[in-house]
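Down below is the structure, laid out as structure tokens.
The values are calculated or read from the model by the stated rules, or taken from the named source; none is laboratory data. Note that the coordinates shown come from a computational prediction; the quantities given were computed from them, not determined experimentally. Note that each Cβ is placed from the backbone with ideal geometry, even for glycine, and that neighbours are counted across all protein chains shown. Heavy atoms of the whole protein, side chains included, go into the accessibility calculation; ligands, DNA and RNA do not. Shrake-Rupley method; radii C 1.70, N 1.55, O 1.52, S 1.80 Å.
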Amino acid sequence: MATYTSQMDRRTLLKTLGSVSAGAALSGFSLAASPKDSSGKRFSGLFPIAATPFTPDNKLDLDCLNAEVKFCNRGGVPGLIWPQIASGWSSLSSDERFAGAESMIAAGKGGKTAIVIGVQTQGKDLPGAIAYAKHAAKNGADAICSLPPDGDNAAALEYYKAIGSATDLPLFVQTIGDMPVDLIVEMYKSIPTVRVVKDEAGDPLARVTELRAKTDGKLAIFAGKGVRQLMDEMRLGFTGFCPVVGLADLFQQSWELYEAGKLRESFDMFGRIQAFSTILNADRYVMVARGIFKEDTKSRATPGMGAGASQVPLSEAEKKVVRDALTTYLKPYLRG
């Protein structure tokens with residue numbers, strides 16, 4: 001029993017379907033089947049994981065957290081998830097999580113970016129997870145997301161049933177470890193609020209076809225793990241993608257181009273993202289270089305992930321390299 005601890009000829013097709021639906025046809029995904037929340041926000045495309053910014057004195061920086069929401073809205077990014085693994089959720093207090101959720105939801109009011117709030121807790125604190133879910137619903141979140149609790153398949157199923165019935169919000173299931181496809185299918189069939197699985201268990205690319213088939217293509221399957229294999233993920237039928245925020249607008253453009261049947265242009269856009277990431281300190285400094293975070297924004301060490309060299313200040317020369325790269329290579333494509 002698994003346990004867990006706290007992914008016809010093309011030319012003829014393009015001519016037949018037209019450019020707008022060709023990308024969806026190539027992946028076997030129906031845009032019409034893409035789930036939505038009650039406000040009409042569609043659960044497909046880019047749903048990056050928000051970083052958690054802190055002030056120099058180690059306080060949660062709500063201004064910078066809100067800036068991520070505003071950046072995603074400007075950049076045409078359909079959704080934003082916080083807090084999850086890349087957010088350092090396990091380092092946050094309950095007060096910080098409640099305050100951050102309220103602030104982000106408020107910042108997103110009237111925008112097109114869906115705000116998805118993570119509700120998982122450490123250990124087996126189901127009442128705590130339900131409290132986070134109810135708080136998200138009360139404050140107007142668009143959906144909730146959760147990692148599984150410690151335990152086996154049966155415990156995971158009962159946990160998701162409990163938080164799925166705690167509110168009417170759409171539920172994103174985050175898989176880890178070796179959570180089997182049949183468990184996800186059972187969750188989808190038995191929990192009405194389950195709309196999305198962010199699949200990071202095992203080899204997501206190897207199992208996405210089975211997962212789609214067993215849910216009749218109606219469960220949205222999101223890719224995580226840094227979205228390093230975007231072209232294959234789109235081809236195989238993933239319909240949502242969860243990188244980090246810094247270049248989410250470029251990732252979204254790659255998805256839009258793919259959906260429009262412009263496969264080479266989609267490939268080129270993803271190539272720009274990958275090339276930028278090879279520049280020294282680019283991934284680390286991009287949030288500041290793009291005006292989302294402040295020069296003195298800090299991160300907090302996360303258990304199991306560490307901080308280490310990321311806390312060593314960059315020199316002005318190192319920062320300039322990243323800013324120059326944004327201007328020279330990516331400026332025509334930046335939306336946010």
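In Å³ and rounded to a whole number, note down the convex hull volume per residue for the Cα atoms of the chain.
Normalising the Cα hull of the chain by residue number yields 128 Å³.
Sort Glu96, Glu102 by heavy-atom solvent-accessible area, probe 1.4 angstrom, most to least.
Output order, biggest surface exposure first: Glu102, Glu96.
Can you list the HN-Hα couplings for segment 85-90, worked out from phi with the Karplus curve (6.51, -1.76, 1.60; θ = phi - 60°), rounded to whole Hz and with x for Gly and Pro?
My calculation for segment 85-90 gives 4, 5, 8, x, 4, 6 Hz in order.
Return the long-range amide H neighbours of Gly45 (sequence gap of 5 or more, or a different chain), with a cut-off of under 5 Å between placed amide H atoms.
Here the answer is Gly240, Phe241, since their amide H atoms fall under 5 Å of that of Gly45.
With 29 Å as the limit, write out which pairs from Lys198/Lys320; Lys138/Lys225; Lys41/Lys134; Lys70/Lys214; Lys41/Lys124 have Cα-Cα distances beyond it, or answer none.
From Lys198/Lys320; Lys138/Lys225; Lys41/Lys134; Lys70/Lys214; Lys41/Lys124, over 29 Å: Lys198/Lys320; Lys138/Lys225; Lys70/Lys214; Lys41/Lys124.
Leaving out ligands, DNA and RNA but keeping every protein chain, what accessible area does Tyr333 have, in Å² rounded to the nearest 10, with a 1.4 Å probe?
70 Å²
Please report, as a whole percent, how much of the solvent-accessible surface of the chain comes from carbon and sulfur atoms (probe radius 1.4 Å).
The value for the chain is 54 percent carbon and sulfur by accessible area.
Just to verify a number: what accessible area does Glu256 come out at with the full protein assembly present, 1.4 Å probe, Å² rounded to tens?
70 Å²
Could the peptides 260-272, 134-146 be put in order, highest first, of the mean number of other beta-carbon atoms found within 10 Å of their residues?
By packing density, highest mean first, the sequence is 134-146, 260-272.
Can you pull the accessible area of Thr328 for me, 1.4 Å probe, Å² to the nearest 10?
100 Å²
How would Lys112, Lys298 line up by accessible area, probe 1.4 Å, largest first?
These residues rank, largest area first, as Lys112, Lys298.
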